[in-house]
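This report concerns only the one structure given below.
No value in this document is a laboratory result; all are computed from the given coordinates. The model shown is predicted, which means the values in this text are computed figures rather than measured ones. Because the Cβ atoms are built from the backbone with ideal geometry, glycine has one as well, and the counts that use them run over all protein chains shown.
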Amino acid sequence: MTPGQGPGRILLLAIETTCDETGAAVLEGPRPPATGVPVIRSSVVASQIDLHERFGGVVPEIASRAHVRQILPVIDEALRQAGVGLGELGAVAVATRPGLVGALVVGLTAAKALALALGVPLVAVDHLEGHLYACQLAYPDRDVYPCLGLVVSGGHTSLYACQGPIQAEPLGGTTDDAAGEAFDKVASLLGLGYPGGPGVERAARLGNPRAHAFPRSYLHDARLIFSFSGLKTAVLYALQGQDARATGAAPAPDVVADVAASFQEAVVDVLVAKSRQALERTGLRKLGVGGGVAANSHFRGRIATMAEERGVELFIPPLALCTDNAAMAGVALPKLAAGQIAALDIDVTPGLVRPGR
Ligand code: KG4
Ligand code: ZN
């Protein structure tokens, strides 16, 4: 008998197609209503970066079509790597919100078909709760909750007071661009490729973070809100000042490095300051961080220093669990334990909704 077949264990297939990564994972955990942190038996991600790269951002229709092509092979590969047959699955989980509508529909349709065919529960999860649950998956021996949750990704920059994995109370978020979106747009201005985060991070290593005094919106504002669109415009003006855009010439490497470093410093200053402010306000003693921007090593260092100074326990997943993946949809297990099974006529919710609802 494999571990997942035991009476006390459940094998979960998790599916992620909210944006431009097709993901499937197999997790094994205590059979609900028992609770406990599941183990990741496999996690497969098929990236679409090469398809979107030349557009400098995700093209929704291209993303949907690529999900259609990749979803079944990715699920097969996740099952193969886990050594699990379809008949051994005890539940199917899928991120149904928020995200690109066409992309979400592909994952949900696959999940519904499998749940129906196998006669197992379907669990709909929130992608942002998933990003935070990645912290719990990464630290299975420690209690992540209650914590302040910070999601910093390509689509979101949000703070939550999380009493548990499926009890995230929104505290605030961005009023315009997400932090990752700003990284992507600035990378495009600097000719650093897509997605922008890793390219900006690499260029920033050689630059002076104080070369440009870029804006830090809402830094001294009592509200827990963010804005990154002015920062992006300031970068554009800084480059135009160098005649880079005006002449169509690529900015010189030292200009790129200084702009990248100053931009990254501005984003990180704000993310760290707002997290500190939210910790002070809520009195929470733990901080969980998720989303693609949490892969940034300068950010990781700075947020770790702030947490240490405040005596706050920091949970920040390894890189593969920061960027989009299906394992984080393992947040389905606490949902299942709470009896939150989705009906087979459930629809996707593309827009940002209040997590926990
Ligand atoms: O969480 P994620 O994979 O997808 C969304 O849910 O949006 O985040 C993707 C975002 C992209 O904007 C990407 O540029 C950013 O995360 N990112 C980074 C780094 N790696 C990925 N941003 C800054 N530094 C990085 N090293
Ligand atoms: Zn994400």
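Structure above, values below:
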quantity	calculated
Relative packing of peptides 181-188, 19-26, 115-122 - highest average C-beta neighbours within 10 Å first	19-26, 181-188, 115-122
Phi to ³J(HN,Hα) by Karplus 6.51 cos²θ - 1.76 cosθ + 1.60 over the range 148-163, Hz, x for Gly, Pro	7, x, 10, 9, 10, 9, x, x, 9, 9, 9, 10, 9, 9, 9, 6
Most to least packed among 276-282, 217-223 [average Cβ atoms within 10 Å]	276-282, 217-223
Rounded if a/c under 1.5, otherwise prolate or oblate - the range 255-329, Cα gyration tensor axes	oblate
Within the range 39-171: Cβ-based charge dipole about Cα centre, in debye rounded to nearest 20 (Lys, Arg +1; Asp, Glu -1)	260 debye
Selection from 293, 90, 47, by position along the positive dipole direction of the chain (Cβ)	90
Only Lys, Arg (+1) and Asp, Glu (-1) charged, at Cβ; the chain dipole about Cα centre in debye	460 debye
Kirkwood Rh, angstrom, the chain [1 / mean 1/r, Cα pairs]	20.7 Å
Gyration tensor verdict on the range 116-197 (Cα atoms; rounded if a/c is under 1.5, prolate if a/b is larger than b/c, oblate otherwise)	prolate
5 angstrom amide H check on residue 41, placed H, neighbours 5+ away	26, 27, 28
